[in-house]
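The values are calculated or read from the model by the stated rules, or taken from the named source; none is laboratory data. What you see is a predicted model; the values in this text were computed from it and never measured. Cβ atoms come from the backbone with ideal geometry, glycine included; neighbour counts cover every protein chain shown.
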Amino acid sequence: MRHLSLLAVLAGTAALSACGGEPTDPADAPATEMTTVTDGEVMTETAEAPAGPDLSVLAEVIDADWRDASRDRDTWRNPQATIEFFQLDPSSTIVEIWPGGGWYTDILAPWIHANGGQYVAAHFSTESESEYRRQSRAAFEARMADNEMSGDVITVGFDGTTPLDLDAGSVDAVLTFRNVHNWMSGGFTELALADFHRILRPGGLLGVVEHRLPSTREQDPGASTGYVQQAYVIALAEEAGFEFVGASEVNANPADTADHPFGVWTLPPVRRNPPADSEMAADFDREAYDAIGESDRMTLLFRKPAASE
């Protein structure tokens, strides 16, 4: 994932090795010295390496160099505005549900760790029947194993059928990005939301981003297209005991009509296409779907009511 060193490369030209004539590793090269003469006195100034990003500042984490390969998705995922809308306290305990390859982990974990908080990944279960899910979990843990900037990341299994291995009232916020349709497909949305409610402290927050189905369209209980009505998600959360705090349009995309031949997976980044020898392929316009961009998404914030309420 991005376990790049936070040490900046020192300025100046790398020194040549004495025996082979090859440049030394820039990371091992000494700071460049600049010599000037003032009133007959020789003065030597040493150039200092530029400081790395301040990981306690969200904007600097988002702009950090280890995210270079992920930055093209920022246009559609709007990480800073989304995280700020969720009103997160980075010095607290925050759980991300199904982080996948860790796109949001690259932002959340270093930021939370630098502020004294605890990032928890509720990833796929190690005992999942799906080989893909087991491999995804293993790859995630391998990436986080030696990641000092993210601190001691806690990883627990989540499959919707058994409770999360976290104590009741031990978590300050739960975040989920584009996962509700998967839970609907698996038939455990209510169980999942009830478990999130259990682990959250009174007053704890639930942040949700999900592909949005227009309110005029019929909701498939299994969310086979990957799209879910915003009102439906709000109703599910309220039935689980959450109070609705508000919605943001930060991840909206008015160009998305949510009626594509392969559901949300027709659009980037999945970009599903029909078989080349199929009848559908003749009229399928890939460029038109790419021009839409990623899906229209709801961004919702809920709160577990305080005990006094």
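What's the total number of residues in the range 157-188 that are under 22 Å from Ala138 (Cβ atoms), among the hydroxyl-bearing types (Ser, Thr, Tyr) and part of a helix (DSSP H, G or I)?
0
Could you please give the count of residues in the range 150-198 that are on the phi > 0 side of the Ramachandran plot and among the small types (Gly, Ala, Ser)?
So the count comes out to 4.
Consider Glu84 carefully, then state whether it is surrounded by fewer than 17 Cβ atoms within 10 Å (Cβ to Cβ), out of contact with any strand residue (DSSP E or B) (no Cβ under 8 Å at 6 or more places or on another chain), modelled with pLDDT of 95 or more and among the charged types (D, E, K, R).
When the stated conditions are applied, Glu84 passes them.
Ala282 versus (1) under 20 Å from His181 (Cα atoms); (2) assigned to a helix (DSSP H, G or I): which is the lone unmet condition?
Among (1) under 20 Å from His181 (Cα atoms); (2) assigned to a helix (DSSP H, G or I), Ala282 violates only (1).
Out of the range 66-75, which residues are surrounded by 14 or more Cβ atoms within 10 Å (Cβ to Cβ) and either in contact with a Pro (Cβ under 8 Å, 6 or more places away or on another chain) or without any contact (Cβ under 8 Å) to a residue 24 or more places away in the chain (or both)?
Listed by number, the residues that qualify are Arg73, Asp74.
Each row is one residue, and each column tells you yes or no for (1) closer than 28 Å to Ala81 by Cβ; (2) within 18 Å of the chain's Cα centre (by Cα).
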| residue | (1), (2) |
| --- | --- |
| Asp152 | no, yes |
| Gly169 | no, no |
| Leu175 | yes, yes |
| Ala194 | no, no |
| Ile199 | yes, no |
| Glu218 | no, no |
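Evaluate the following for Ala231: is it in a strand (DSSP E or B) and assigned by TED's automatic domain parsing to the domain that holds Val171?
It is false that Ala231 is in a strand (DSSP E or B) and assigned by TED's automatic domain parsing to the domain that holds Val171.
Out of all the residues in the range 138-165, which are aliphatic (A, V, I, L, M) and within 29 Å of Ala231 (Cα to Cα)?
Leu164
Filter the range 128-155 down to the residues that are small (Gly, Ala, Ser) and either assigned to a helix (DSSP H, G or I) or within 20 Å of Gly52 (Cβ to Cβ) (or both) and list them by number.
Ser136, Ala138, Ala139, Ala142, Ala145, Ser150, Gly151 - these are the residues of the range 128-155 that are small (Gly, Ala, Ser) and either assigned to a helix (DSSP H, G or I) or within 20 Å of Gly52 (Cβ to Cβ) (or both).
Conditions first: (1) assigned to a loop (DSSP other than H, G, I, E, B); (2) closer than 27 Å to Val95 by Cβ; (3) of a type in the set (Gly, Ala, Ser). Ala194 passes all but one, so which condition is the exception?
With respect to (1) assigned to a loop (DSSP other than H, G, I, E, B); (2) closer than 27 Å to Val95 by Cβ; (3) of a type in the set (Gly, Ala, Ser), Ala194 is out only on (1).
Can you tell me which residue among Val95, Val61 is aliphatic (A, V, I, L, M), crowded, with 21+ Cβ neighbours inside 10 Å, within 24 Å of Val245 (Cα to Cα) and touching a residue at least 24 places away in the same chain (Cβ under 8 Å)?
Residue meeting the stated conditions: Val95.
For Ala237, indicate whether it is in a helix (DSSP H, G or I), assigned by TED's automatic domain parsing to the domain that holds Pro163 and not β-branched (Val, Ile, Thr).
yes
Can you tell me how many residues within the range 118-127 are in a loop (DSSP other than H, G, I, E, B) and buried (at least 21 other Cβ atoms within 10 Å of the Cβ)?
Total meeting the criteria: 1.
Of (1) within 17 Å of the chain's Cα centre (by Cα); (2) buried (at least 16 other Cβ atoms within 10 Å of the Cβ); (3) small (Gly, Ala, Ser), Ala139 satisfies all except one. Which?
Evaluating Ala139 over (1) within 17 Å of the chain's Cα centre (by Cα); (2) buried (at least 16 other Cβ atoms within 10 Å of the Cβ); (3) small (Gly, Ala, Ser) leaves (2) as the failure.
So if I check each of Asn115, Asn182, which one is surrounded by fewer than 20 Cβ atoms within 10 Å (Cβ to Cβ) and under 19 Å from Glu210 (Cα atoms)?
After applying the criteria, what remains is Asn182.
Can you pull out the residues in the range 142-175 that are within 25 Å of Ser56 (Cβ to Cβ), surrounded by fewer than 17 Cβ atoms within 10 Å (Cβ to Cβ), hydrophobic (A, V, I, L, M, F, W, C) and at pLDDT 95 or above?
Within the range 142-175, just Ile154 meets the criteria.
Find the residue count for the range 290-309, including only residues that are in contact with a strand residue (DSSP E or B) (Cβ under 8 Å, 6 or more places away or on another chain) and either among the basic types (Lys, Arg) or not in a loop (DSSP other than H, G, I, E, B) (or both).
Summing the residues that are in contact with a strand residue (DSSP E or B) (Cβ under 8 Å, 6 or more places away or on another chain) and either among the basic types (Lys, Arg) or not in a loop (DSSP other than H, G, I, E, B) (or both) in the range 290-309 gives 8.
Being surrounded by 13 or more Cβ atoms within 10 Å (Cβ to Cβ) and touching a Pro at 6+ places or on another chain (Cβ under 6 Å) is the filter; apply it to the range 261-303 and report the residue that is nearest to Phe196 (Cα to Cα).
Glu294
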